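Here the structure comes first, spelled out in structure tokens, and everything after it is commentary.
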Amino acid sequence: MEKASWTIYWNEYSSDTYLYGSNIEYKGRNSVHFKNELMPPGTIIKEWYSLTNYQAQRIEPSLPIIDGESRYRIKVNVETKDGSGYLIRLVFLDRYEREAGDFTLRDKEAEFSCPLKTYSYRMQLINAGMTEFVYHSVTIEEI
């Protein structure tokens, strides 16, 4: 049986992007240059969702459906000057939109599993001291 793999790109919707003082260049589907020298650490730069309310948000889900039965590997392809300065945080939500757990990635690759009561989740790209980067993609694969 072949394991599933999904690639998450930076879409051009700006409702879920930190825009204040940001310079964003969409060079291609897998190449987004982001620069903001005044953004404080801890700021959520971009957010992706596995479940959305299209009527309210006007965006489609960009994350795959995952379950608590499997283990997953996440690989991050983001270029920064020193190779760090960002965090990827997965926030798992239950059926009532309450946080059921979270997972924070500080490296380029890690393994995770979500809580059994996960109904949906979101992925956040968080500033951890960087001012400029190029986002290529994030890959989630079943292991």
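All of the numbers you see were taken from the coordinates with simple rules; none came from a lab. For clarity, every value in this text was computed on a predicted model and none was experimentally measured. Methodologically, a virtual Cβ is constructed for each residue, glycine included, from the backbone with ideal geometry; neighbour enumeration extends over all protein chains shown.
Taking amide H positions as placed in the peptide plane 1.01 Å from N, state which residues far from residue 43 in sequence (5 or more) or on other chains have amide H under 5 Å from it.
Result for residue 43 returns 127.
Per 10 Å bin, what is the whole-percent P(r) computed from every C-alpha pair distance within segment 83-143?
Pair shares across the bins are 20, 47, 27, 6.
Magnitude of the Cβ-charge dipole of the chain, K/R +1 and D/E -1, about the Cα centre, nearest 20 debye?
Values: 17 positive and 21 negative charges, 16 e Å.
Using Cβ point charges on Lys, Arg, Asp and Glu, the chain gives about 80 debye.
Work out the charge dipole of segment 20-82 with +1 on the Cβ of Lys and Arg and -1 on the Cβ of Asp and Glu about the Cα centre, then indicate which of 31, 61, 44 is farthest towards its positive end.
31
Please report the relative contact order for the chain, taking Cα pairs under 8 Å with a sequence separation of at least 6, and give it as a percent rounded to a whole number.
Details: 318 pairs, mean separation 52.4, N = 143.
After rounding, I find 37 percent.
What ³J(HN,Hα) values, in whole Hz, does the Karplus curve 6.51 cos²θ - 1.76 cosθ + 1.60 give for segment 84-89 when θ = phi - 60°, with x put for Gly and Pro?
Those phi angles translate into 9, x, 9, 10, 10, 10 Hz.
Using a Förster distance of 22 Å, how high is the FRET efficiency between residue 2 and residue 109, based on the Cβ-Cβ distance and rounded to 0.05?
On the way: r = 20 Å, r/R0 = 0.92.
Calculated value: 0.60.
Excluding residue 137 itself, calculate the net charge of residues whose Cβ lies under 11 Å from the Cβ of residue 137, where each Lys or Arg counts +1 and each Asp or Glu counts -1.
Details: positive: 29, 75; negative: none.
Its environment carries a net charge of +2.
Rounded to a whole number of µm²/s, how large is the Stokes-Einstein D of the chain at 20 °C and 1.002 mPa s, given Rh as the Kirkwood radius over C-alpha pairs? Intermediate results must be reported in sequence, preceding the final value.
Details: Rh = 15.7 Å.
Once the numbers are plugged in, D ends up at 136 µm²/s.
Which whole-Hz couplings ³J(HN,Hα) result when phi for each residue of segment 104-114 is put into the Karplus expression 6.51 cos²θ - 1.76 cosθ + 1.60, θ = phi - 60°, listed in order with x for Gly and Pro?
10, 10, 10, 10, 7, 8, 7, 10, 8, 9, 9
Across segment 1-98, how many lysine pairs separated by 8 or more positions, or lying on different chains, have Cα atoms within less than 22 Å?
For segment 1-98, the number of qualifying lysine pairs is 9.
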